[in-house]
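Before anything else, here's the structure in question.
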Amino acid sequence: MHEFSKRTTLIAYGIFCAVMAGILIILISTALLAKGRWVSGLKMQVSEVLEEKLPGAYTVGENVPVRTPFAAGAACYKLTATASAATTGGRESYGIILRIMTIYGPAAAVYVYAEPDHAVFVGFANMHNAVADHMEQISKNSSITYWADRIPAILRLYDEGAVSDDN
């Protein structure tokens, strides 16, 4: 009787472990499948903001995966300046979208990094007209400026090879 009890317990634990492994596999595969849509959605937001604020100046290229603690709240894309806006002096340009804190809560801000030591704030994603202008005026001297000065240090890791080119 005692042998039967151990066998039953082992079977129950085996079934439990198999179910947990199945759930884990489903969660991991869902996250991996959603990553591509997430990256393309952020790329679309960057291009919409650039097209609204700087019409025809840049085309958004591939994702540049930045492996820093900020990667959870930021994404970086290579930008190609059009012939009418090619004023970067041969430097690569990057479009960065990151979550910044405003007095109304977190907002997605888009920056262009083409100068050696400073990123330029372009606008907020999914905010238009008077709302976006109001948010810019309120946040201009605090969080917008902070991240404009901080972005070169984050992307410098990319230039130094701390970032891989794989997605």
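How many residues does the range 137-155 hold that are open to solvent by less than 30 Å² (accessible area, probe 1.4 Å) and of a type outside the set (Val, Ile, Thr)?
Count: 5.
A quick yes/no check of all residues on (1) among the β-branched types (Val, Ile, Thr); (2) loosely packed, with under 15 Cβ neighbours inside 10 Å; (3) at pLDDT 90 or above:
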residue	(1), (2), (3)
ALA18	no, yes, yes
GLY22	no, yes, yes
ILE26	yes, yes, yes
ALA31	no, yes, no
LYS35	no, yes, no
VAL39	yes, no, no
SER47	no, no, yes
LYS53	no, no, no
TYR58	no, no, no
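Looking only at the range 61-109, filter to residues that are modelled with pLDDT under 75 and among the aliphatic types (A, V, I, L, M); which one of those is surrounded by the fewest Cβ atoms within 10 Å (Cβ to Cβ)?
Filtering the range 61-109 for residues that are modelled with pLDDT under 75 and among the aliphatic types (A, V, I, L, M), the one surrounded by the fewest Cβ atoms within 10 Å (Cβ to Cβ) comes out as ALA83.
Same structure again: Anything in the range 114-132 that is assigned to a strand (DSSP E or B) and open to solvent by 10 Å² or more (accessible area, probe 1.4 Å)? List them, or say none.
VAL120, PHE121, VAL122
The values are calculated or read from the model by the stated rules, or taken from the named source; none is laboratory data. From a predicted model like this one, the values you see are computed outputs, not experimental measurements. Positions of Cβ are backbone-derived with ideal geometry, glycine not excepted, and every protein chain shown enters the neighbour counts. These accessible areas exclude ligands, DNA and RNA; they are computed on the full protein's heavy atoms, side chains included. Shrake-Rupley method; radii C 1.70, N 1.55, O 1.52, S 1.80 Å.
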